[in-house]
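Okay, structure first, notes after.
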Amino acid sequence: MMARRSLARQLGPHIAVWGILLFAIFPFYWALVSTLKPSTELYTLTPTFLPITWTGDNYLWAISQDTFVLTLKNSVVVGIITSLVSVTLTSMMGYSLARMHYPGKNVIVTALVATQMLPGVLLVVPIFVVFVTIQRLLHLEMVNTVQGLVVGFATFSLPFSALLLRGFFTNFPAELEDAAMVDGCTRLQAFLFIVLPLSIPGILTAALFAFVLAWGDLLFAMVLTNNTRAQTVAVTITQLATAQYSNTNYGGILAEGVIITIPVVILFVFLQRFLIEGMTAGAIKG
């Protein structure tokens, strides 16, 4: 009897974890399987877990849509530039907050933490108003442009990434910087050639966070763009899904969704070691 209870206590957490995992994975599995079915199988009264007739027509339809391909390119450009801008700014900001001593530093840290308590949706309208004002007064195109999206997404990702890298740089051995400066390096050279190369996990974590934010965001991109000039792929798929229900190709839309999910999955698979190391190192002390 005691052995059964011990076995139940050991298996219970494993069963619970597998149940949660299946619950999380099943929607993606169902979407993936549905993309490989012809449209006649999507609307059957008896659903099947595997296609009866396998087809790749939905993917051919997806990549033949000029709007999808164009906005997919926009998403790639916006995501990459946002990551570079965010990492450039937050690495310097995080290092400054971790190493430098100056008046108001604690106020800045408190303000960064406070921004994490507010939902991002509260910033959408104020940022849009600021962009419109900048465009009107300074004649800088910020609405319906790639640069506008990059500035907006970088703004959203900056507080979290700065706090993450601050914690990472705080745990970085200061003796390595001191040794470099004794050998003739300036503070900037020590940062560029000693600290940054050894802080790749934290930097990749911040870059991945910024990329995923820009890649998957819908609300901000929908508010700030009105055509395919700078529109991201998330907005395009949403418009396709809500346009005309009688003419909607749900298999093709699911195929588009699978296509835009693949880059994020690949990034997490190949960078998961750096991601875990960066998140844990940045969370130990701050």
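Expressed as a fraction of 2.2 N^0.38 Å, the C-alpha radius of gyration for segment 71-178 is 1.25. With θ taken as phi - 60° and the Karplus curve 6.51 cos²θ - 1.76 cosθ + 1.60 applied, the whole-hertz 3J(HN,Hα) list for segment 135-145 is 5, 6, 8, 9, 6, 9, 6, 10, 9, 6, 9 Hz, x standing for glycine and proline.
For segment 116-163, the Kirkwood hydrodynamic radius comes to 11.5 Å, computed from all pairs of different C-alpha atoms. For the chain, modelled as a GNM whose springs connect Cα atoms under 10 angstrom apart, the maximal fluctuation among 95, 250, 43 occurs at 43. Put a plus charge on the Cβ of each Lys and Arg, a minus charge on the Cβ of each Asp and Glu, and nothing anywhere else: the dipole of the chain about its Cα centre is then about 660 debye.
Peptides 133-144, 257-268, 150-161 ranked from most to least packed by the mean count of surrounding Cβ atoms within 10 Å: 150-161, 257-268, 133-144.
With one equal scatterer per alpha carbon and no solvent term, the Debye-computed log10 I(q)/I(0) for the chain at 0.07, 0.13, 0.15 1/Å reads -0.38, -1.03, -1.19. Highest mean packing comes first when the peptides 29-42, 213-226 are listed by Cβ atoms within 10 Å, giving 213-226, 29-42. In segment 7-138, a dipole from Cβ-located charges (positive for Lys and Arg, negative for Asp and Glu) runs towards its positive end, and of 126, 75, 34 it is 126 whose Cα lies farthest in that direction. Our estimate of slack between residue 135 and residue 110, defined as 0.36 nm per intervening residue step minus the Cα-Cα distance, is 5.9 nm. Each of 44, 108, 262 was placed along the dipole of the chain (beta-carbon charges, centred on the mean Cα), and the one lying farthest toward the positive end is 108. Placing unit charges on the Cβ atoms of the charged side chains and taking the dipole of segment 89-224 about its Cα centre, the candidate lying farthest along the positive direction among 212, 176, 196 is 212. Per-residue ellipticity at 222 nm from helix content only, as computed over the chain with -39500 (n - 2.57) for each DSSP H run of at least four residues, stands at -25000 deg cm²/dmol. What a 1.4 Å probe finds exposed on the chain is 73% carbon and sulfur by accessible area, rounded to a whole percent.
Overall dimensions of segment 120-258, expressed as equivalent-ellipsoid semi-axes from the Cα gyration tensor (√(5λ), whole Å, largest first), are 40, 20, 12. Above 21 Å, the calculated P(r) of segment 1-141 contains 76 percent of its Cα-Cα pairs.
If R0 is taken as 51 Å, the Cβ-Cβ distance between residue 80 and residue 9 corresponds to a FRET efficiency of 0.60.
The values are calculated or read from the model by the stated rules, or taken from the named source; none is laboratory data. Please read these numbers as outputs of a predicted model, since none were measured by experiment. Note that each Cβ is placed from the backbone with ideal geometry, even for glycine, and that neighbours are counted across all protein chains shown. Keep in mind that these areas ignore ligands, DNA and RNA; they rest on the heavy atoms of the full protein, side chains included. Shrake-Rupley method; radii C 1.70, N 1.55, O 1.52, S 1.80 Å.
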